[in-house]
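The values are calculated or read from the model by the stated rules, or taken from the named source; none is laboratory data. Just so it is clear, the model here is predicted, and its values are computed rather than measured. We place every Cβ from the backbone using ideal geometry, glycine too, and count neighbours over all the protein chains shown. Each accessible area value is taken on the protein alone, full model and side chains, heavy atoms only, with ligands, DNA and RNA left out. Shrake-Rupley method; radii C 1.70, N 1.55, O 1.52, S 1.80 Å.
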Amino acid sequence: MRTLILIGLAAFSAQASAQVARPDSTVPASLTIEQAIELARRNNPELQQIQNNRVGAQAAVRSAYGALLPRADASLNVQKQQGGQQILGGTALGANGDIRQSNYDIGLSYRLNSATVITPSLQRANRDAVEADITGAAEILRSNVSQQYLNVLRAQAISELQDSLVVAAEQQLVLAQAREIVGSGTRLDVNRAEVALGLQKVQALQAKNQIDIEKLRLFQQMGTPQPPTVQLVSQFEVKPIEFNLQDLIASAHKQNPSVLALRSREHVSDLNVKREKGEYSPTLTLTTGFGGYTYGYSNSNFPVQMAAAALANSRASCIRTEEVRAALNLSNTLAECSSMSFTDAQAAAIRRDNSKFPFSFTSSPRAVSATLSLPLFDGFAREQRVQEAMASRSDARYSVRAKELALTADVTAAYLTLVTAEKTVTLQEQNAAKARQELKLVADRYRIGATTFVDLTESRITYERAESDRITAVYDYHKAFAALESAVGHPLR
């Protein structure tokens, strides 16, 4: 039962962790562009991959600071050696009893040089570069989602236009049939109206299909499944441009995530040069530690027997020596030698000392050492690393300069495109209004028999083209605005 409970708790914990880690992908029925961007930031897999780089960068910073702390190591060794004799240099070594021994050691070491001091700053700069990369990727994703959101709205506007043209074609067919009935029209006009209606229905069908395709691409970038009834509800207005080009360029140079990432990497390369040059400085190393050991025999009677035998040999040797002195009428300690005996207390003490294995350690002598080392020559490997670091620093500076030039060109081009798009919208709205007025006039003339169905068809085609161009111009303006925001690196509205 206890095992089942533990397994259940582990499974519940794993499921809870998975639920916490899973991003929210709930899509509302009415989706604004802000909601689409936020969902994409939480669920887009490519952005999630880039955000994972933050974990490694933070770990590198923590490791760099950890290098400023002492290093601690601990070891525990347990050994058992079979009894017997070993021959070393012609001398018999060893004992007849199995030996048990253990030892532990806890060591502290500290290493410091200029490279160790510089590394935390270097890793912090690298973390800033990673954060700038993440911000840049999020900004690119925002631009892509905005562009695709506008593509969906454009497809919907085109579809609405095609639907209105289907209605107009149906009315023209009814009008052609009515004129045929009263004798003011021909069967040819009716056939033409039917063909025009069929073609218009095909275009309307294709326009609806394009909406579905654009929505699929939008939700692919958002990283979420597409709900069946989602509606895009954001509306955009074409407003006069009030931006100053030089202010936009200055803002891009200051805030664009891409150039900020390159500047952070330039700072990383500067610190890397300092770190490599720091290898010329001396290194201070401090080490200390403490430990203990145990030593004993598997058979606790064996050391007792060895001690008793050693005492007996000492007693016999002492007696022989003192008997000689007594025979020569010299002072002697024969009585003391005869009284030598191995007591139970001594045996108990030996057994107690022998029973310290494995964890009743005897402390080892402590030691502290300090070493100051100065690198002199390593086959020019150090010089090679310095030169490579300096070359990387130059490359980073050139990359920043190239990106600043590219930003100036990109922002200028996007600004000019937006200005042109605004003027184009104004012209296309005028053209669409004139084409709408012309279509109404030709339809009225056809209704009273003052013009032909061919003229009506041509006027309808002209209106369709003008209205389609107007819709395209409006959304090209909004897409140009989004492109300008992407070039600057932050939203402008």
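Only residues that are open to solvent by less than 60 Å² (accessible area, probe 1.4 Å) and not in a helix (DSSP H, G or I) were counted in segment 444-453, giving 3. Restricting segment 332-347 to residues that are out of contact with any helix residue (DSSP H, G or I) (no Cβ under 7 Å at 6 or more places or on another chain) and outside any helix (DSSP H, G or I), the residue that is farthest from Val304 (Cα to Cα) is Ser339.
So is Ala155 among the aliphatic types (A, V, I, L, M), open to solvent by 20 Å² or more (accessible area, probe 1.4 Å) and either in contact with a strand residue (DSSP E or B) (Cβ under 6 Å, 6 or more places away or on another chain) or at pLDDT 90 or above (or both) or not?
no
Elements of the type strands (runs of 3 or more DSSP E) sitting completely within segment 1-99 and holding at least 1 residues that are at pLDDT 90 or above and either in contact with a Gly (Cβ under 6 Å, 6 or more places away or on another chain) or open to solvent by less than 60 Å² (accessible area, probe 1.4 Å) (or both): these cover 71-81.
Of all the residues in segment 94-151, those that are touching a residue at least 60 places away in the same chain (Cβ under 8 Å) and over 30 Å from Thr285 (Cα atoms) number 31. Looking at segment 315-327, can you tell me whether even one residue there is over 30 Å from Ile99 (Cβ atoms), at pLDDT 85 or above, out of contact with any Cys (no Cβ under 7 Å at 6 or more places or on another chain) and part of a helix (DSSP H, G or I)? Within segment 315-327 (the criterion being over 30 Å from Ile99 (Cβ atoms), at pLDDT 85 or above, out of contact with any Cys (no Cβ under 7 Å at 6 or more places or on another chain) and part of a helix (DSSP H, G or I)), the answer is yes, since at least one residue qualifies. The set of residues from segment 234-267 being more than 19 Å from Phe481 (Cα to Cα) and of a type outside the set (S, T, N, Q) comprises Lys254, Val259, Leu260, Ala261, Leu262, Arg263, Arg265, Glu266, His267. Ala261 passes every criterion in (1) at pLDDT 90 or above; (2) of a type in the set (Gly, Ala, Ser); (3) in a helix (DSSP H, G or I) apart from (1). Criterion applied to Arg351, Arg366 was being in contact (Cβ under 8 Å) with a residue 24 or more places away in the chain, among the charged types (D, E, K, R) and more than 29 Å from Leu286 (Cβ to Cβ), and the one residue passing it is Arg351. The condition (being free of Cβ contacts under 8 Å to residues at least 24 places away in the same chain, in a helix (DSSP H, G or I) and out of contact with any His (no Cβ under 8 Å at 6 or more places or on another chain)) is satisfied by just one residue among Leu441, Leu418: Leu441. In segment 467-493, the residues that are at positive phi and at pLDDT below 90 form Cβ pairs under 7 Å with partners that are surrounded by fewer than 21 Cβ atoms within 10 Å (Cβ to Cβ) and in a helix (DSSP H, G or I), at six or more places apart or across chains, as follows: Gly489/Glu139; Gly489/Gln255; Gly489/Pro257. Taking segment 231-257 as the range and being of a type outside the set (D, E, K, R), in a helix (DSSP H, G or I) and either at pLDDT 90 or above or open to solvent by 50 Å² or more (accessible area, probe 1.4 Å) (or both) as the test, the residues that pass are Leu245, Gln246, Leu248, Ile249, Ala250, Ser251, Ala252, His253, Gln255. For segment 348-380, a residue qualifies if it is exposed (fewer than 14 other Cβ atoms within 10 Å of the Cβ), assigned to a loop (DSSP other than H, G, I, E, B) and small (Gly, Ala, Ser), and the qualifying residues are Ser355, Ser360, Gly379.
Residues in segment 314-347 that are farther than 30 Å from Gly296 by Cα, open to solvent by 80 Å² or more (accessible area, probe 1.4 Å) and either touching a His at 6+ places or on another chain (Cβ under 8 Å) or of a type in the set (Asp, Glu) (or both): Glu323, Glu336.
Restricting attention to segment 193-217, the residues being of a type outside the set (D, E, K, R) and more than 45 Å from the chain's Cα centre (by Cα) number 9.
Residues Gly291, Gly296: which one is in contact with a helix residue (DSSP H, G or I) (Cβ under 7 Å, 6 or more places away or on another chain), open to solvent by less than 50 Å² (accessible area, probe 1.4 Å), closer than 30 Å to Ser102 by Cβ and assigned to a strand (DSSP E or B)?
Working: Gly291 fails: in contact with a helix residue (DSSP H, G or I) (Cβ under 7 Å, 6 or more places away or on another chain).
When all the criteria are applied, what remains is Gly296.
You will find that of Ala487, Ala432, the residue that is of a type in the set (A, V, I, L, M, F, W, C) and either within 49 Å of the chain's Cα centre (by Cα) or surrounded by fewer than 16 Cβ atoms within 10 Å (Cβ to Cβ) (or both) is Ala487 and no other. Only one entry in Gln226, Gln220 is surrounded by fewer than 20 Cβ atoms within 10 Å (Cβ to Cβ), under 32 Å from the mean Cα position of the chain (by Cα), of a type in the set (S, T, N, Q) and not in a helix (DSSP H, G or I), namely Gln226. Filtered by the rule that a residue be open to solvent by less than 80 Å² (accessible area, probe 1.4 Å), assigned to a helix (DSSP H, G or I) and either charged (D, E, K, R) or within 12 Å of Thr452 (Cα to Cα) (or both), segment 176-189 gives Ala176, Arg179, Glu180, Asp189.
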